[in-house]
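The values are calculated or read from the model by the stated rules, or taken from the named source; none is laboratory data. Keep in mind that this is a model prediction, so the values were computed, not measured. Because the Cβ atoms are built from the backbone with ideal geometry, glycine has one as well, and the counts that use them run over all protein chains shown. Remember, those area values only see protein heavy atoms, side chains included, never the ligands or the DNA or RNA. Shrake-Rupley method; radii C 1.70, N 1.55, O 1.52, S 1.80 Å.
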Amino acid sequence: MPRAHLLAVLGSLAILPLTTVAVPLHVSPDGNDEAPGTHEAPFRTLHRAQEAAREATKTATGDVVVNLAAGIYRLDRTLAFTEADSGRKGKVIYRSADGLGKARVLGSMILTGWQEHKDGIWKVALPENMVFHTLYEKGKRAHKARFPNHVYQPDFPTARGPYLRTEDGCKGFERDKGTAWLTYAEADTPPVTDVTKMKIALYLRGKCDWMRTIYSIKTIDPTQRRMELAANRMYFGILARARYFLEDDLGFLDAPGEFYVDETSHTLYYKPMAEGHPDTLGIAAPVLSRLIQILGKSRNECVQNLRFEGLSLEETDGNTKGWWTMGHGGKDGALIWMRNTTGIEVRDCHLKNSGRSGIMLIGHNIGNRITGCWIEHMGLNGVTLCNNFLAPGGKTTEDRCARNLVTNCRIHNVGEIHCYAAGVNVFNAEDNEVSHCEVHDSVRYAVTVRGTTGAQYGPPVWTKKPQCKGNRIHHLRTYRCGQDSGDMGTLHCANLNNPDGGCVNTFEQITVADSGSVASVQDVRPDGIFLDWPKMSMDQIFRHV
């Protein structure tokens, strides 16, 4: 090669950017946290791998990749990510190295040391102060002991029947101004009338089949067939024909898959679903309500450039409260919970058996992607995008839950614990996209889009809160939603009436099939599309549904 030509080539190479090099880290259930984290000598825990990833990002010129070998990783504390975990000159990637779903991250502990109690019921000692609201046996959800026993219906798998019905009940009361009570039928006298921690799961007013509320039972009087409920207020009352069941009492424990936690003796009682000694049945109690938390310091200091790829995320705890009573998701649990984030990817993950939701984006979350995920068996919602907050002093917040993408996901069996649930829940979020997903077998909605724009009746009311607008929901296949609900639709809108606020959202290229509920529902039967409340869902666009 002529000298001049050679110098020209070398000169051109000199101005090329430095090659980015991925930094690999390795973790295995058989590893050692004192090891260097190489393929040959991996770490054992995700928390140790996270420490190494944080250190590696300081000098990395490309991605930092945490490779999880196949196996089970049980967490005893939430895997919490902050802005210190952000990718700098590339992404920080946590991936299942041996194939999709092979690396399983669980928020539960296996229980062993079971002893026979009676009648096929077993018991095991629990750590002090350990209380949980769901339980898992070989990856299948168990339920609290109840009366009458739950009957699984293949056509309505998220329904919680059968239900009893009240003969009469209070008309409603305000705080400290009345007593909540109901009268039950003689044939429905519970097998236990001495109350300890017993609860009632109740649809109010005799026809409000859209909100199953949990109350504690104060007393049961079998002579008058009367129950008193512990409640601060009850706007709708109970009245006759209200659906209900009782739960959470040892005296109700008589069916496979039921459990009861005695908080005084720190003992779990359980009747297994499968044959064999419980020590061999993989019975797991959840110890976390949030499996993964991604929380930046503020909207100006976000966690960014993180990716979770091919992981299986499973088995968390929850409760029976509505997500809005948990600070509109701010105090809630999920398999992945996010706030103050941007550029986060959840790709090709399997999210299963959450006590609450699958993925929650709460508050400020911009430009994140949830793609190719399988989300199933949620206690509450599949995916929630919510920004129902105000800055201190009631000022308008600059936080935005916007430009996030949920695509190519399968979401099903949502609302297994709480009945006010959706496959995708969009609340005061804007310019987000939900596309090319399959959503089915929901206790209530497939997709709900909701704002907070004032009273149910009367003129539209302006609000300082962020608006729910510009969201596009398209190319969905939805079916078998509304299984234990009335007064609803598979596709739902509410509170979107800001005057001149442009709270317009678009639904298009969607199939809706088999919206329907169990026969016991008395309210207006499920619709395909439901625009909720008079004058409160104006200007929404539906095309090619």
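Observations on the structure shown:
- Under the simplified labelling scheme, the residue 20-residue 221 pair shows an inter-label distance of 7.2 nm, with each label point 7 Å from Cα along Cα→Cβ.
- Straight-line cross-link reach from residue 89 at under 18 Å between alpha-carbon atoms covers these lysines, not counting any fewer than eight positions away in the same chain: 58.
- Rounded to whole Hz, the Karplus (6.51, -1.76, 1.60) HN-Hα couplings of region 511-518, x for glycine and proline: 9, 10, 9, 6, 5, x, 10, 5
- Considering only 411, 382, 392, and ranking their Cα positions along the charge dipole of region 381-441 that arises from unit charges at the beta-carbon of Lys, Arg, Asp and Glu, the one farthest toward the positive end is 392.
- From the coordinates shown, Rg and Dmax of the Cα atoms in Å corresponds to which of (i) 25.6, 109; (ii) 24.5, 102; (iii) 22.4, 69: (i)
- Overall form of region 475-545 per C-alpha gyration tensor (a/c, 1.5; a/b vs b/c): oblate
- Share of carbon and sulfur in the accessible heavy-atom surface of region 488-545 [1.4 Å probe, %]: 51
- For the pair residue 408 and residue 41 in one chain, pulling the backbone fully straight at 0.36 nm per residue adds 128.5 nm over the alpha carbon distance.
- Only the Cβ atoms of Lys and Arg (+1) and of Asp and Glu (-1) were treated as charged; on that basis the dipole of the chain about its Cα centre amounts to roughly 1440 debye.
- Ranking 122, 467, 245 by Cα position along the charge dipole of the chain, where only Lys, Arg, Asp and Glu carry charges on their C-beta atoms, puts 467 farthest toward the positive end.
- Å² of accessible area per residue within region 176-259, as computed with a 1.4 Å probe and no ligands counted: 44
- Portion, in percent, of the accessible area of region 47-146 that falls on carbon or sulfur, probe 1.4 Å: 46
- Sequence-separation-based contact order of the chain, relative, with Cα cut under 8 Å and 6+ spacing, percent: 11
- Förster radius 30 Å - calculated FRET efficiency between residue 519 and residue 188 (Cβ-Cβ, nearest 0.05): 0.95
- Residue-normalised accessible area of region 388-428, expressed per residue, 1.4 Å probe, Å²: 34
- Shape call, region 282-358: gyration tensor on alpha carbons, a/c limit 1.5: oblate
- Charge dipole magnitude, Cβ of K and R +1, D and E -1 - region 202-272, Cα centre, debye nearest 20: 600
- Region 152-286, relative contact order [Cα under 8 Å, separation at least 6], %: 26
- Shape category assigned to region 330-373 from the gyration tensor of Cα positions, a/c cut at 1.5: oblate
- Legend: distances between Cα atoms for 123/144; 144/199; 207/535; 297/395; 199/321; 321/352; pairs beyond 18 Å are 207/535; 297/395; 321/352.
- Karplus-based coupling profile of region 217-229, in residue order and whole Hz: 8, 8, 8, 10, 10, x, 6, 9, 6, 10, 10, 9, 10, with θ = phi - 60° in 6.51 cos²θ - 1.76 cosθ + 1.60 and x standing for Gly or Pro.
- Taking trypsin sites (Lys or Arg not before Pro) across region 170-220, the ones in a DSSP loop with at most 10 further Cβ atoms lying within 10 angstrom of their Cβ are 175, 177.
- Loop-located trypsin sites (Lys or Arg not before Pro) across region 338-403 with a Cβ neighbour count of 12 or fewer within 10 Å are 395, with loop assigned by DSSP.
- Peptide ranges 100-111, 281-292 listed from the most packed, as the mean C-beta count within 10 angstrom indicates: 281-292, 100-111
- Taking every alpha-carbon pair under 8 Å whose residues sit at least 6 apart, region 73-160 reaches a relative contact order of 18 percent.
- Projecting the Cα atoms of 256, 136, 154 onto the charge dipole of region 127-278, computed from C-beta unit charges around the Cα centre, puts 154 farthest toward the positive end.
- In this structure the amide hydrogen of residue 257, modeled in the peptide plane, comes within under 5 Å of the amide hydrogens of 271, 273, none closer than 5 places in sequence on its chain.
- Sparsely packed chymotrypsin sites (Phe, Trp or Tyr not before Pro) within region 168-238, loop by DSSP, other Cβ within 10 Å at most 16: 235, 236
- Note on region 348-425: with charges restricted to the Cβ of Lys and Arg (+1) and Asp and Glu (-1), its dipole about the Cα centre is near 120 debye.
- Accessible surface area normalised per residue over region 100-170 is 49 Å², counting heavy atoms of protein chains with a 1.4 Å rolling probe.
- Projecting the alpha carbon convex hull of region 378-491 along each direction and taking the average yields 7.8 nm².
- When DSSP beta bridges are restricted to pairs lying wholly in the chain, around 30% turn out antiparallel.
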